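Scroll down for the structure; my scribbles are underneath it.
The values are calculated or read from the model by the stated rules, or taken from the named source; none is laboratory data. Computed from a predicted structure; not experimentally measured. A quick note on method: Cβ atoms are made from the backbone with ideal geometry, for glycine too, and the neighbour counts reach across all protein chains shown.
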Amino acid sequence: MKIHVVMVEPEIPQNTGNIARTCAATGAKLHLVHPLGFDISEKAVKRAGLDYWDKVEIEEHKSLTEFLQKYKPEEKEMFFVTTKGKQVYSEPKYENIDEIFLLFGKETKGLPEDILQKYLDKTIRIPMRKTLRSLNLSNAVSIVLYEVYRHKNFEGLEEISNYFQ
């Protein structure tokens, strides 16, 4: 199983560092779609990712258009995470999918509206109170990423059930 976490135009280096660390811990590949709101060599990103930054597979893309041309949503299992999602993130049957792409938009605006409309059936959301705008981006990535792994019985991740025995 291969999971791709795709960050479209992330703006906050600490979020991206946290997401990189989560990707390193789970083996997910991280895609960074430009423009970025920071330089990935910036100290804040490395500090947020601690010593995990070099342990995650990262692929950069010049634009969302370039990413979508390379990894065609019509041919790939791709989910667009948005507060406007058509289904709850736990509803898709991830267990039967070998390669999954999870797309997240920038902190201030999310994913482009035209992309969400085009791929409406592939949109997912995290339920939350209506009075709030959204969750922190790195928290949202963790929630959805670990749900995919849960559907796959945490395949490839270490089990420590006998740790205290």
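Overview of values
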| quantity | calculated |
| --- | --- |
| Residue, farthest from Asn139 (Cα to Cα), within the range 2-44, restricted to residues that are small (Gly, Ala, Ser) and surrounded by fewer than 18 Cβ atoms within 10 Å (Cβ to Cβ) | Ser41 |
| Near pairs, Cβ below 6 angstrom, 6+ apart or cross-chain, from the range 33-55 (modelled with pLDDT of 80 or more) to any residue that is among the hydrophobic types (A, V, I, L, M, F, W, C) | Val33/Val8; Val33/Leu64; Val33/Phe67; Lys55/Ala24 |
| Filter result (of a type in the set (A, V, I, L, M, F, W, C), touching a Ser or Thr at 6+ places or on another chain (Cβ under 6 Å) and assigned to a loop (DSSP other than H, G, I, E, B)) within the range 91-149 | Leu111 |
| From the options Glu147, Glu107, Glu113, Glu155, residue that is within 17 Å of Ser63 (Cα to Cα), of a type in the set (Asp, Glu) and either in contact with a Gly (Cβ under 6 Å, 6 or more places away or on another chain) or in contact (Cβ under 8 Å) with a residue 24 or more places away in the chain (or both) | Glu107 |
| Boolean, Thr65 is part of a helix (DSSP H, G or I) and either without any contact (Cβ under 8 Å) to a residue 60 or more places away in the chain or in contact with a Phe, Trp or Tyr (Cβ under 8 Å, 6 or more places away or on another chain) (or both) | yes |
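Rundown of residues vs (1) exposed (fewer than 15 other Cβ atoms within 10 Å of the Cβ); (2) touching a strand residue (DSSP E or B) at 6+ places or on another chain (Cβ under 9 Å); (3) closer than 21 Å to Ile12 by Cβ, yes/no style:
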residue	(1), (2), (3)
Phe67	no, yes, yes
Lys70	yes, yes, no
Val88	yes, yes, no
Asn96	yes, no, no
Glu99	yes, yes, no
